[in-house]
Amino acid sequence: MQGLMMDYQLTLLPMLERARRLYPKKEIVTKAGPSLERSNYGELADRVGRLANALARLGVKRGDRVATFAWNNLRHHELYFAAPCMGAVLHPINLRLPGDQIVYIVNHAEDQVLFVDPTLLPAVEKLAPHLKTVKAYVVMGDQLPQTTLTPVYSYEELLRAEQPDYAWPALGENDAAAMCYTSGTTGNPKGVVYSHRAIYLHSMGLAMADSFGLVERDVFMPVVPMFHVLAWGTPFVCTMLGAKVVYPGPHLQPRDLAELIQAERITVTAGVPTLWLGLLALLEKERYDISSLRGMIVGGAAAPRSMIEAYQQKFNVPVIHAWGMTEMTPLGTISRLKSYQTSLPEEQQFAFRAKQGTPNMGVELRGVDETGREVPWDGKTIGEMQVRGPWIAREYYRDERSPLSFTADGWFRTGDVITVDSEGFIQIVDRTKDLVKSGGEWISTQEIENAIMGHPKVAEAAVIAVAHPKWQERPLACVVPKPDYKDSLTKQELYDYLRPRFDKMYLPDDILFIEAVPKTSVGKFDKKVLRAQYKDYALPTG
Ligand code: ADP
């Protein structure tokens with residue numbers, strides 16, 4: 001027997017429509033210089049219609065790629081809906097990538113129109129001669145500034161010339177809505193194309209109370225850039241719910257974030273750990289009222305346990321640890337305690353919360369050993385994490401490398417090595433390429449660096465593998481002391497701190513004090529750069 005339900009396609013337009021009808025007064029705020037620009041979902045819906053008309057006038061058709069080169073702001077949010085709802089494909093570009101990689105991805109995606117923030121014009125002007133498919137540039141401001149780009153239009157002038165009504169096409173849920181490219185890989189970035197259905201289901205997934213758990217009452221601040229996996233899907237879920245959004249624009253210094261949290265009474269925010277480590281250092285010195293925060297979602301790289309503890313104990317702010325990937329729209333797992341775990345001793349609660357957590361509804365996950373068998377849930381045996389689900393890519397966009405990452409039976413190989421404990425909580429041991437292979441044993445660099453970051457005098461730490469004549473590889477720790485301890489922190493102190501926590505073989509062979517850990521284009525520790533820098537580092541012998 002067949003079901004008797006409507007054939008209702010899961011597309012993005014109903015999210016926008018719902019916000020327009022139910023939440024026209026709810027605000028979308030953008031920090032622009034010293035001031036805050038305020039709009040709302042009523043205006044958003046109107047402007048998205050005008051923008052779609054403008055895109056059509058620029059010649060954008062179904063399936064065409066519309067690129068953005070922009071920070072987190074209202075106009076970017078408008079593009080998040082105008083392009084996909086008219087059947088085009090939104091393509092936010094990671095503006096921190098090296099120029100040659102940006103050129104590669106624009107040409108590979110065959111972007112037709114490129115939207116650029118006025119402050120980012122010089123970068124795009126430099127690249128423009130190499131962009132082969134871009135037919136029009138739009139500067140995301142009030143008026144057209146002086147520029148060498150051509151043909152070029154002003155965003156607001158385009159919108160003023162159009163009507164808010166747009167004849168939205170009936171799209172299929174498997175039509176492409178957006179695309180992003182991965183960073184941090186060797187070789188050219190790989191493209192991932194998201195369907196309307198994937199984003200729709202992912203948004204419902206994020207809204208689940210045991211997931212991000214966002215609600216209409218929330219005031220959400222996406223610190224994660226809108227070019228980093230669609231700001232982790234948060235502009236969509238906020239629109240779907242009618243939740244107020246506060247965009248920091250290019251203002252991402254700890255002080256900017258603290259001021260915004262205080263002034264707008266932010267309830268939930270999200271970003272990579274390096275940002276929150278920076279904010280923590282500020283909050284430990286200066287007073288800000290961040291009591292409105294009920295959740296700080298941290299992902300993209302491992303959240304150090306010491307940071308989770310500090311926010312909880314000093315500021316009563318729950319850090320919620322999550323794991324995801326560009327290939328996964330991006331949410332995979334989230335660390336929320338189960339009901340009966342909340343009565344565990346605090347120490348054990350933090351141990352669970354520092355793991356990457358359990359798979360979100362919608363994500364199936366397994367750890368697989370070298371023989372292809374699923375590893376037991378014993379919290380010890382390591383395996384490669386593989387996933388599948390409705391918001392996980394099945395291949396890379398026009399890329400020969402796809403077969404390396406997708407199994408014949410339909411799973412995505414994440415390249416992360418994990419353990420799974422008896423409660424189903426995963427722990428990322430390392431990215432495969434970061435593991436230290438020491439005399440037939442694998443050493444987790446994440447585990448050591450997280451422990452070092454627990455030392456009260458340490459700001460940041462990254463551990464890398466360095467070649468070793470006897471053991472093949474050994475760990476080297478690169479440590480950034482907090483400014484007050486720059487001249488006083490010693491290796492000896494750190495070894496004394498690590499010795500009770502690790503077996504001798506896991507201790508780094510040497511500890512170097514450095515100025516700062518290099519960061520990737522999305523703000524993660526860039527261990528590739530460190531590895532290259534210390535490739536020939538002579539570890540002490542004996
Ligand atoms: P990029 O490759 O550009 O960094 P992604 O943001 O897609 O792109 O990176 C995904 C990878 O980031 C994951 O495979 C994993 O190694 C790492 N990662 C993401 N979240 C976490 C986390 N909570 N803990 C540890 N590693 C994480």
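Computed from the coordinates by the stated procedures, all read-outs in this text should not be read as laboratory data. Everything quoted here is computed from the prediction, not taken from an experiment. Every residue, glycine as well, gets a Cβ built from its backbone with ideal geometry; the counts of neighbours run over all protein chains shown.
Some observations on this one:
- In order along the stretch 252-261, the phi-based Karplus estimate (6.51 cos²θ - 1.76 cosθ + 1.60, θ = phi - 60°) of 3J(HN,Hα) comes to 10, 6, x, 5, 4, 5, 4, 5, 5, 4 Hz; Gly and Pro are listed as x.
- For the stretch 365-447, the Cβ-based charge dipole about the Cα centre amounts to some 320 debye (Lys, Arg positive; Asp, Glu negative; other atoms uncharged).
- Given R0 = 41 Å, the distance between the Cβ atoms of Met5 and Asp409 translates into a calculated FRET efficiency of 0.90.
- Overall form of the chain per C-alpha gyration tensor (a/c, 1.5; a/b vs b/c): prolate
- Sequence-separation-based contact order of the stretch 401-542, relative, with Cα cut under 8 Å and 6+ spacing, percent: 18
- Considering only Ser154, His196, Met179, the residue lying farthest towards the positive end of the dipole of the chain is Ser154, judged by Cα position with unit charges set on Cβ.
- Peptides ranked, highest mean first, by Cβ atoms within 10 Å: ranges 161-169, 66-74, 415-423: 66-74, 415-423, 161-169
- Length-normalised contact order of the chain in % [C-alpha pairs under 8 Å, at least 6 apart]: 10
- With contacts taken as Cα pairs under 8 Å at a separation of at least 6 residues, the stretch 276-411 carries a relative contact order of 17 percent.
- Spin-label model, Arg431 to Ala263: label points 7 Å out along the Cα-to-beta-carbon direction sit 3.5 nm apart.
- Modelled FRET efficiency - R0 30 Å, Asp142 with Leu22, Cβ distances, 0.05 increments: 0.50
- Expected 222 nm ellipticity per residue - DSSP helices of 4 or more, -39500 (n - 2.57), all of the chain, to 500: -8000 deg cm²/dmol
- Dipole of the chain, positive end: most advanced residue of Ala170, Gly389, Gly271 [Cβ charges, Cα centre]: Ala170
- Positive dipole terminus of the stretch 1-154, leading residue within Met15, Gly141, Leu121 (C-beta point charges): Met15
- Charge sum, other residues only, whose C-beta stays under 9 Å from Lys457's C-beta, Lys/Arg counted +1 and Asp/Glu -1: -1
- Taken about its Cα centre, the chain carries a charge dipole of roughly 340 debye when the Cβ of each Lys and Arg holds +1 and the Cβ of each Asp and Glu holds -1.
- Contour minus Cα-Cα distance for Asn174 and Glu364 (0.36 nm per residue): 66.4 nm
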